[in-house]
Every structure is written in C-alpha cells, then in structure tokens.
Amino acid sequence: EKYTQELTEYCTENNLTDVYILGHSMGGYIALCYAMKHPENINSIMTLGTKFDWTEEQALKESKMLNPEAILEKVPQYAQLLEKQHGSKWKQLLPAIADLMIDLGKNPPLKDHLASIHTPVQIMVGDKDNMVTLEESAHVYRSLPNAKLAVLPETKHPMDKVRPNLLLNLIKDFWNLS
C-alpha cells in the first residue's frame, strides 16, 4: 500500500497521466495495484517475475530466507551483492521486506480484484524462476480482461539473469516500438 501511495504521489507531482510501467518482481504488483486505483493514468503495464500467489503460510516461509545474519554466514557472496545493489542498509531492508511479504500474505490487495483491471497488461515470467510459478502467472493472465502472457526461456528470477535482448524484444513487441 505504501509503495502504491508513493507511485501515486510521484505521478501526481509530475503530472503523469499516460504512464507505461515495466515492473520487475514487487514492482509489477505495485503497478497493478496502482492501475486498480488509478486506471485513467495508466496506458499499459508489463510485469516480470511478479509473485501473485501470496498466502500467509507461503509469505512466512519466504520471509525466513531474508535473515541478514544467516545470509552473511551461509552465502557471503550474496551478502556482498546485496550490499552492492542496496547499499550499507541492506541488513535493515531485508526484515522490512519480510514484514511486507507477511502483510501481503495476510491481505493480498489484488486478490479477487484482477477482473476489474482493464489496463493492457503483459505478464512475463521466466521458466526457471524459483520464486514465481508459471501456474500463478498464467492464472493472473487469465483473470485480467486485457492481458498477454510471455514465458522467457532459460530465465531465472533475478533481473541480472534476464537476457537484455530477449526482454527488449518483448518490450518492443508489446509497446509497438521499432
């Protein structure tokens, strides 16, 4: 909800009324929440690797993998990557993300509201994504009245694992760019 509010404020402050959004992971979820509340401002949305199937049990399981001390001890290279990507406060960021995931599990804002989003949407998921299932992505695709589905071959969840040319071609196709 806070991220959706921040996106709303940003669009309002910058007079953005014909917005095209490419949202990776949680960014796609936020884009759809924004479209639900402000459909008049959105031209279209592309989501990539967006987790849609939030349950409290699943969120608790996922959130346990966001323990900074365990990551430092067991996967120090990943800890270094997190620090490089998110700065020195990455250790504070992970528990906040865990709390967000648990809140989403308790009260997923998109649940039972997808049919009300008439904005053109392309749901994209990697076939090797270990966080997002093809099934949940296909379910959301079928639930949205104006959607397309793209499955990226040999593609994992992290954005740095997505082949840029593959993504660029999908973007060009969906947004009719040359």
#### Entry: Space enclosed by the convex hull of the alpha-carbon atoms of segment 48-139, per residue, Å³
124 Å³
### Query
What's the carbon and sulfur percent of the chain's accessible surface, probe 1.4 angstrom, rounded to a whole number?
51 percent
### Message
If you consider only alpha-carbon coordinates, what radius of gyration and Dmax does segment 1-97 have, in Å?
### Response
16.1, 48
### Task
Show that you can apply the helix-only estimate: for the chain, add -39,500 (n - 2.57) for every DSSP H stretch of four or more residues, divide by all residues, and state [θ] at 222 nm to the nearest 500.
-15000 deg cm²/dmol
### Task
Sum up the charges of everything whose Cβ sits under 13 Å from the Cβ of PRO108, counting Lys and Arg as +1 and Asp and Glu as -1, but leave PRO108 out.
-4
### Task
Taking a cut-off of 19 Å between Cα atoms, list the aspartates and glutamates near LYS128, but don't count ones fewer than 8 places away on the same chain.
ASP53, GLU62, GLU136, GLU154, ASP160
### Query
HIS157: net charge of surrounding residues, Cβ under 15 Å, Lys/Arg +1, Asp/Glu -1, itself excluded?
-2
### Distribution of pairwise C-alpha distances over the chain, 5 Å bins, in %
1, 8, 15, 19, 20, 18, 12, 5, 2, 0
### Message
I'd like to know which of GLY126, ASN41, PRO109 lies farthest towards the positive end of the charge dipole of the chain, counting +1 on Cβ of Lys and Arg and -1 on Cβ of Asp and Glu.
### Response
GLY126
### Query
How much net charge surrounds TYR3 when only other residues with a Cβ under 15 Å from its Cβ are counted (Lys, Arg +1; Asp, Glu -1)?
-2
#### Entry: Cα centre as origin, Lys/Arg/Asp/Glu Cβ charges: the chain dipole, Debye
360 debye
## Note on the structure
Interchain or sequence-distant (5+) residues whose placed amide H lies within less than 5 Å of the amide H of ILE42 are VAL19
### Task
List the residues whose amide H sits under 5 Å from the amide H of GLN122, counting only those 5 or more places along or on another chain, with H placed 1.01 Å from N in the peptide plane.
ILE45, MET46, THR47, LYS148
### Message
Considering only C-alpha atoms, what is the centroid distance from segment 6-28 to segment 96-162, in Å?
### Response
17 Å
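The values are calculated or read from the model by the stated rules, or taken from the named source; none is laboratory data. Computed from a predicted model, the values in this text were never measured in an experiment. All Cβ positions, glycine included, derive from the backbone under ideal geometry; neighbour counts span all protein chains shown. Calculation scope for accessible area: heavy atoms of the full protein, side chains included, ligands and nucleic acids excluded. Shrake-Rupley method; radii C 1.70, N 1.55, O 1.52, S 1.80 Å.
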